[in-house]
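Report on the following structure.
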Amino acid sequence: MRFTILLFLFVCSCTLLSYSQTKYSVKGMVADSSSKLKLENATICVLNAKDSILQSFTRANADGSFAINNLNKGKFIVLISYPDYADYSEHFTLDSVKTSFNMNRVNMVLKSKLLAEVIVKAEKASMKIKGDTTEYNASSFKVQPNAKVEDLLKQLPGIQVDKDGKITAQGQTVNKVLVDGEEFFGDDPTLVTKNIRADMVDKVQLYDKKSDQAAFTGIDDGKKDKTINIKLKDDKKSGYFGKLDGGLGTDKYYQTQAMFNLFQGKQKLSLYGTLANTGKTGLGWQDSQKYGSSSANMELMDGGGVSIYFDGNGDDLDSFDGRYNGEGIPTARTGGLHYDTKWNNDKSSLNTNYKIGSLDINGTKNILSQNNLPTGTFNNTNNQSFDKSMFRQKLDATYQLKIDTSSNLKVVADATVKNSKTVDRYDATSVRGNEVLLNNSTRSIDNNTDTKILHANVFWNKKFKKKGRTISVTADEAYNQNDSHGFLNSKINYYGSTGALDSTQVIDQNKINNVKSSVLSTNAVYTEPFTPKLSLAINYGFSLNNATSDRRSYNPSGGAYTLLDSALSNNYKFNQYFNQGGLILNYSGKKHIWNFGVKAAAVNYHQDNLYNGSVFRRDFVNWNPQARYTYKFSSQSSINLNYSGMTNQPTINQLQPVLVNTDPLNITVGNPLLKPSFNNNFSLNYNSYKVLTEQYIGFYGNYALINNPIVNNTTVDSAGRSVYQSVNFNKPSSNFNVYLYTGRKFKSLGGINIGINGGANGNTSYNLINGVTNYTKSANYNASLQISKYKEKKYDFWINTGPTYTVSSSSLQSTNNNGAGFNTNGSFNIYLPLKFQIGTDGDYQYRAKTESFNQDFSRFTWNARISKSFTKQDQLKITLAGYDLLNQNRGFDRTAFGNTLTQTTYTNIRRYFMLSVSWDFSKMGLGGKNEKK
């Protein structure tokens, strides 16, 4: 018994001894968070977690390492400190399971950097990059009282707004401006940017808007529009606001504009009207591209099929597309109504717009051109006067319904009616390279066109219980009717090699054209997830296209135009059917996103000439491969790589053109042996934003390589007549576009914003002139410095300045057409006592002379104004302004295409003075839950 007790005591004492001899420790290494610097002699303390009593301490070695041994088990706090660095602390526990705590590398942060981060977080980051979306915090960018969205956009990094309101972002044109994700007056961005107040904006989002199906499935289909979304502040969604503006000027200039907006919760009502002859058309620069065209042409679409579109040049006679591009003197009368609402717990919504307007333009134009031939050159001078008008009405509506938690329905419909009239007069002279007269001509063209457009689209989608499994179907119907009638009168004198009159050609005809088309297209997409990150999309679509084109030319007989000219008249019937299918594999991870796939379309095309009974058939297959890769470096930095391949089919006019004689000196013939070309398109996009320094870096690049390109084969005879035929060429052509932007706010310079832009675009192409290959190469390079600063109610200024350089060469031309240039534009405003304000803005352009054009061009349009504001909130303003004070606003343009160099000058709005009164009114936050006082 005694022995047993002694043995038990011995075992217990040994166990206690071994327990007391167990060693507990903590170790690690101390270094700077943003460099490889090791923090020697940093103090490391271990405190008792319960009462913070110091247990042990040490200092870091030369390599930053440290170790504290002989600790007891328990709960502790390690505290590390170093001069000028923020203290670091961490809780840890030591016990029989975990006898040592390894901290590895401890990154210490400078107090100055940590403070900057705290300040930035408190003020909100001015920008965020979330995937493909760049988001700007509007409160971080200061603008003057009563400023508009356009003034805010000019402050945002990577976005430029020109004098006409055209918006460019990240080197690409912005096609849509939305308000809270909804369209506002359709596709007219300026009605948002020039009328909604900047102080109503919470955030500005910039992104590539995808098609409804791509946005739903998450799988890119290649259809994108660069889009800006204006998100309003919650307390600015209830109330009313608007503006009245009117002015009278010298030389009979005038402008008036009114806009009223009533926002009440989920309802928005807006009205506007414009009457002006100063260039303020009230129609967005983009709007006419979708709705302003008025004459028909036929083209085989990229995805397969024939598109009958309206391009402004398909008529036998000139037509007007409804756009003011700075040429001539415009008179605009426009108005519109917008309404959108949501109901049924936001399950139903309606967005509708009505626009009405007329635009009259008259002016003159002078065109100098040089045509390079294998045997020499000839030069042409063309003087034109024009008088154009258009009246247009458009109504559209979008209805959306959330059927249930898994399915949605969207219905879009619009209707447009238009009437355009043109009166054009031409007086042209061509001379040979030795200054001997080649030909001269006079032409007059009168045309009257009526157009009707009806369009409807239905989109339905559904999500299944399995995440990622979806189905979506879209159907689209478009109907176009274009009826035109007019007169062509032309007289051409041809001269021999000595300059003596050789022959004369006279044309006097009445032209009547009637074109109709109806296109029904559908597409269905099914997505099936294999894993949470990997999915497959399968699509199928078909299209039916029926169209007629009846064009008639009549010669005079007995005082009336009754003799049908069968050589210049035709009546075609077009029918086309195509089936398209495709597969796209998509992967979406935290850092990596990619997809690739291919679409193929089998197309059957049938054309009947109802005049002579001839039939033209064509069956073909189009291939469209695609691939996309995105890598996210961080939440504020990402890079995107894209590839798309596209079969480009010849147009109907290239295969079998409709004969026109609008310009007898330029004739086109068809080539039924044409083969399709193939376009390989590569693009790269990179965006990065650094919160601490507020520095933004953006890059966009695009390169296209066209194999088997379709080029012009031109034959020019001794009289100066050109005959054009499209042919395939055995060498590829190409084009490129790159854009780089970087900028930041320099707080050390008082908050001044400085940015640098750089860009380049160009192309290489081929054409044949009298059997000789002509290789052309052109490129435009530009760089600019942007500086801006805002001081509330004291001053603000911005300036954009930089050089340009154009490279243009032709293998048929012994000299090049390279030339330098320089652009500068900016504005400056000073706010004086008694609510006076003086301001000025200007635009300077310079183009150096070239070896082909021996005169340089410079223009400085300078505007100045003085104004006085009234009322407590500066809502009423009276302004006296002078426009183009130096009277230099002359229209000018230079282009190079194929073997032709062209320089154009035209009339424009010149110097005038105007006294105007404007009243901004608003009362927001009426009855809203988030009303702020």
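The values are calculated or read from the model by the stated rules, or taken from the named source; none is laboratory data. Only a predicted model underlies this, so the values are computations on that prediction, with no experimental measurement involved. Ideal geometry is used to build each Cβ from the backbone, glycine not excepted, and the neighbour counts take in all protein chains shown. Just so you know, the surface numbers come from the protein's heavy atoms only, side chains and all, with ligands and any DNA or RNA stripped out. Shrake-Rupley method; radii C 1.70, N 1.55, O 1.52, S 1.80 Å.
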Which condition from (1) under 28 Å from the mean Cα position of the chain (by Cα); (2) without any contact (Cβ under 8 Å) to a residue 24 or more places away in the chain is the one that G821 breaks? (2)
Consider only pairs whose beta carbons are under 7 Å apart and that are at least six residues apart or on different chains; among these, list those whose first residue lies in region 525-536 and is at negative phi and whose second residue is outside any strand (DSSP E or B) and of a type in the set (S, T, Y). V525/T217; T527/T217
Please state which one of L359, L395, L368, L401 is crowded, with 19+ Cβ neighbours inside 10 Å and either among the hydroxyl-bearing types (S, T, Y) or assigned to a strand (DSSP E or B) (or both). L359
With K38, K27 as the choices, which residue is open to solvent by 80 Å² or more (accessible area, probe 1.4 Å) and among the charged types (D, E, K, R)? K27
Scan region 796-829 for residues that are among the β-branched types (V, I, T) and over 30 Å from T375 (Cα atoms) and jot them down. I799, T801, T804, T824
Is it the case, given these coordinates, that S535 is open to solvent by 10 Å² or more (accessible area, probe 1.4 Å) and farther than 26 Å from F616 by Cβ? yes
Working only within region 651-690, note down all residues that are at pLDDT 80 or above, open to solvent by less than 50 Å² (accessible area, probe 1.4 Å) and hydrophobic (A, V, I, L, M, F, W, C). L665, L674
Would you confirm whether or not region 498-509 contains a residue that is open to solvent by less than 40 Å² (accessible area, probe 1.4 Å), modelled with pLDDT under 95, out of contact with any Pro (no Cβ under 8 Å at 6 or more places or on another chain) and outside any strand (DSSP E or B)? yes
Output the number of the condition that G762 fails; it satisfies all remaining conditions of (1) more than 21 Å from N379 (Cα to Cα); (2) free of Cβ contacts under 8 Å to residues at least 40 places away in the same chain. (2)
Which residues, counting only those in region 825-866, are of a type in the set (V, I, T) and closer than 30 Å to S810 by Cβ? T850
S748 - would you say it is open to solvent by less than 40 Å² (accessible area, probe 1.4 Å) and either of a type in the set (G, A, S) or part of a strand (DSSP E or B) (or both)? no
Output the residues belonging to region 80-102 that are in a strand (DSSP E or B) and more than 54 Å from the chain's Cα centre (by Cα). F92, T93, L94, S100, F101
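Residue by residue, here is whether (1) open to solvent by 50 Å² or more (accessible area, probe 1.4 Å); (2) modelled with pLDDT under 90; (3) in a strand (DSSP E or B); (4) over 24 Å from D427 (Cβ atoms) holds:
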{"site": "R323", "(1), (2), (3), (4)": "yes, yes, no, yes"}
{"site": "R333", "(1), (2), (3), (4)": "yes, no, yes, yes"}
{"site": "L337", "(1), (2), (3), (4)": "yes, no, yes, yes"}
{"site": "T352", "(1), (2), (3), (4)": "no, no, yes, yes"}
Region 109-139, residues that are assigned to a loop (DSSP other than H, G, I, E, B), at pLDDT below 70 and closer than 22 Å to S33 by Cβ: A125
(1) assigned to a strand (DSSP E or B); (2) farther than 30 Å from S566 by Cα; (3) touching a residue at least 60 places away in the same chain (Cβ under 8 Å): which one isn't true of L454, the others all being true? (3)
Top-ranked residue in region 371-390 [being under 30 Å from N434 (Cα atoms) and small (G, A, S); ranked as surrounded by the fewest Cβ atoms within 10 Å (Cβ to Cβ)]: G376
For region 869-880, how many residues are at pLDDT below 95 and not in a loop (DSSP other than H, G, I, E, B)? 4
Find all pairs meeting these conditions: Cβ atoms under 9 angstrom apart; at least six residues apart or on different chains; first residue within region 781-804 and free of Cβ contacts under 8 Å to residues at least 12 places away in the same chain; second residue buried (at least 18 other Cβ atoms within 10 Å of the Cβ). K791/Y831
Selection within region 861-892 - more than 20 Å from I830 (Cβ to Cβ) and either among the β-branched types (V, I, T) or in contact with a Leu (Cβ under 6 Å, 6 or more places away or on another chain) (or both): T861, T871
Go through S638, S677 for me and flag whichever is hydroxyl-bearing (S, T, Y) and over 25 Å from A779 (Cβ atoms). S638
Boolean, Y912 is open to solvent by less than 50 Å² (accessible area, probe 1.4 Å) and under 28 Å from the mean Cα position of the chain (by Cα): no
With respect to N513, is the statement that it is of a type outside the set (A, V, I, L, M) and crowded, with 16+ Cβ neighbours inside 10 Å true? yes
Closer than 30 Å to T133 by Cβ, in contact with a strand residue (DSSP E or B) (Cβ under 7 Å, 6 or more places away or on another chain), of a type outside the set (S, T, Y) and crowded, with 19+ Cβ neighbours inside 10 Å: does that describe N712? no
Unmet criterion (only one of (1) under 30 Å from Y631 (Cβ atoms); (2) within 24 Å of the chain's Cα centre (by Cα)) for N707: (2)
I'd like the residue in region 1-52 that is hydroxyl-bearing (S, T, Y) and closer than 18 Å to N102 by Cβ and, out of all such residues, is modelled with the highest pLDDT. S25
Reported set for region 371-412 where residues are of a type in the set (G, A, S) and in contact (Cβ under 8 Å) with a residue 60 or more places away in the chain is S389
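For (1) open to solvent by less than 30 Å² (accessible area, probe 1.4 Å); (2) hydroxyl-bearing (S, T, Y); (3) under 28 Å from N780 (Cα atoms); (4) touching a Pro at 6+ places or on another chain (Cβ under 6 Å), each residue gets a yes or a no:
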{"position": "Y831", "(1), (2), (3), (4)": "no, yes, no, no"}
{"position": "R847", "(1), (2), (3), (4)": "no, no, yes, no"}
{"position": "T871", "(1), (2), (3), (4)": "no, yes, no, no"}
{"position": "G882", "(1), (2), (3), (4)": "yes, no, no, no"}
